[in-house]
1. Mind checking whether some residue in region 230-237 is among the small types (Gly, Ala, Ser) and more than 21 Å from Pro123 (Cβ to Cβ)?
2. Take the residues in region 22-64 that are assigned to a strand (DSSP E or B) and of a type in the set (S, T, N, Q), then tell me which one is surrounded by the most Cβ atoms within 10 Å (Cβ to Cβ).
3. Please go through region 314-364 and pick out each residue that is acidic (Asp, Glu) and touching a residue at least 60 places away in the same chain (Cβ under 8 Å).
4. Out of (1) at pLDDT 95 or above; (2) of a type in the set (Asp, Glu); (3) under 23 Å from Thr348 (Cα atoms), the odd one out for Glu185 is which?
5. Those residues that are within 12 Å of the ligand (Cβ to nearest atom) and touching a Cys at 6+ places or on another chain (Cβ under 7 Å), I need them from region 405-459; list them, please.
6. Please determine, by comparing only the residues of region 124-170 that are touching a residue at least 60 places away in the same chain (Cβ under 8 Å) and polar (S, T, N, Q), which one is nearest to the ligand (Cβ to nearest atom).
7. Give the residue that is nearest to the ligand (Cβ to nearest atom), with candidates limited to residues of region 295-313 that are crowded, with 16+ Cβ neighbours inside 10 Å and in contact (Cβ under 8 Å) with a residue 60 or more places away in the chain.
8. State whether the residues of region 175-189 include one that is in a loop (DSSP other than H, G, I, E, B), without any contact (Cβ under 8 Å) to a residue 60 or more places away in the chain and away from the ligand (no atom under 13 Å from the Cβ).
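The values are calculated or read from the model by the stated rules, or taken from the named source; none is laboratory data. Just so it is clear, the structure is predicted and the values come from calculations on it, not from any experiment. Glycine gets a Cβ as well: all are built from the backbone with ideal geometry, and neighbour counts include every protein chain shown.
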Amino acid sequence: MDRRKLLKSIGISIGGTLISTKVLARMADNSFEYAIPPNPLFKPMAKPVTAITLGAGNRGTVYGNFAAEYPNELKIVGVAEPVKFRNDKYAKTHKISDEHRFVTWEHVFDKPKFADAIIISTPDRLHYGPCMKALAMGYDILLEKPIAPTEKECRDILALSKKTGRIVAVCHVLRYAPYFVKMKELIAKGAVGEIISVQHFEPIEHTHMAHSYVRGNWHNSKETTPIILAKSCHDLDIIKWVINKPSKSIVAMGDLKWFRLENAPAGSTNRCTDGCKVERQCPYSAIKQYYEKRDRTGVLDLPEEKSKQGEVIMERLKTTNYGRCVYRMDNDQPDHYITSIQFADNVTANFSMEAFTSYAGRRTRIMGAMGDMVGDMTELVITDFRTGKLTKLVPKAEDVEGYKNSGHGGGDWLLARDFVQAVAQQNAALLTSTIDESIESHLMGFKAEESRKNMKFRAIKM
Ligand SMILES: NC(=O)c1ccc[n+]([C@@H]2O[C@H](COP(=O)([O-])OP(=O)(O)OC[C@H]3O[C@@H](n4cnc5c(N)ncnc54)[C@H](O)[C@@H]3O)[C@@H](O)[C@H]2O)c1
């Protein structure tokens, strides 16, 4: 970062193509810090888009926080949320009148349409019902991924969105992260020549795995969705998006190897708080993660007063799944998962999802006939084989999810902004993750899971 000079906007030449980008700084090692300039198709809004949030948990709050920060763009006018603490907090933040506060999603649709859009941030198994109902009533929809747990349900939503002409934006937030936006743009402009293959790696980080897929909401695939959709539909989607060719076949392997009863150490107990003899040495100790490090405590519904939080955390560890031993859960999600995909024109991709890493942040390598790209979401390095020139791009974006290493690279709010514009202008083309764009990567996920379970290649048919 030494001798860094502020620049406004320059053209960087990569692979014989001039890439015009908003460069914020040129660093000493000749790398460029850049941001994605505002979309020229955006129009000033006469009034904010109004939306009703179904599910005021983590994701409902991410989009709600966008509305709170940009009240001229998005206004939340209703909420459905069964957890009273969350419903109260959300209603207070957005000043939602009592008549527009509901316990579960169905009740929203008992009233005539009272907003422009519906934000569906309910658990995975509660996307299909509200989405079909909202489409039938003429709402535009911001739909959390995964679209739905079965291929049929995904196709039903696609068909109804086409029939009604409503916008369904799937929250494939990585498509809006400046890092991936630039990767896609560079490939499309020929910076590495014809794309031959892709390697993509998703290190989940061991404590995130324990939190979400061993103890947390997605620990059981039958109650939610298989991890290849619940976690990695983003990754399949990014692979498909940058390759930009139809997927043809897929094969997958992986299983749940470690978080099983037979690996429980001697002296361990049902809960970390039950006097476990190995809790101090255990990397998955809930006491360490939630009480000592205060990591990912958003799920514990803590009071705002900091002095009371410790006591509430310990109480939650005694009563919720978040305090249970990681070797004694009813979990079934694989902790390592590898997938190989063949695309049209014999382009290939390999994807690995790994629980056992000390770090997060997706890594991608793109191999092209005239150059390659290597990136880890903090920087993207492009080497042009023709000139030998190396260009390093460093994305700058606000990552708003609030979790350490959340990895969405700014995509959460950038998606929210594009969605609001798309609804205001009634123009789905302002989005890159409409349902018809997003469905193929879900089909890849369903076929990968079939392949993993049956140990067979699976063909993909759109
Ligand atoms: N795009 C992403 O990167 C991303 C990241 C995390 C989660 N997700 C997805 O977003 C969705 C929500 O995940 P989350 O992390 O916010 O989970 P969460 O548990 O924090 O929030 C879901 C909320 O829905 C509420 N709910 C349950 N039943 C309901 C009902 N019948 N009616 C209304 N609300 C109900 C729950 O009480 C909860 O508050 C999931 O589908 C998840 O897979 C997407």
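1. no
2. Here is the first cut: in region 22-64, the ones assigned to a strand (DSSP E or B) are 22-26, 31-35, 49-54.
Filter once more, so that each one left must be of a type in the set (S, T, N, Q): 31, 50, 53.
Numbers: Ser31: 19, Thr50: 16, Thr53: 31.
The qualifying residue surrounded by the most Cβ atoms within 10 Å (Cβ to Cβ) is Thr53.
3. The first filter runs over region 314-364 and keeps only residues acidic (Asp, Glu), leaving 315, 330, 332, 335, 345, 354.
Answer for region 314-364, where residues must be acidic (Asp, Glu) and touching a residue at least 60 places away in the same chain (Cβ under 8 Å): Asp330, Asp332, Asp335, Asp345, Glu354.
4. For Glu185, the exception is condition (1).
5. Leu415
6. Selected residue: Thr150.
7. Checking each candidate, the answer is Val299.
8. Within region 175-189, the subset in a loop (DSSP other than H, G, I, E, B) is 177, 189.
Those left that are additionally without any contact (Cβ under 8 Å) to a residue 60 or more places away in the chain: none.
Looking through region 175-189, none of the residues is in a loop (DSSP other than H, G, I, E, B), without any contact (Cβ under 8 Å) to a residue 60 or more places away in the chain and away from the ligand (no atom under 13 Å from the Cβ).
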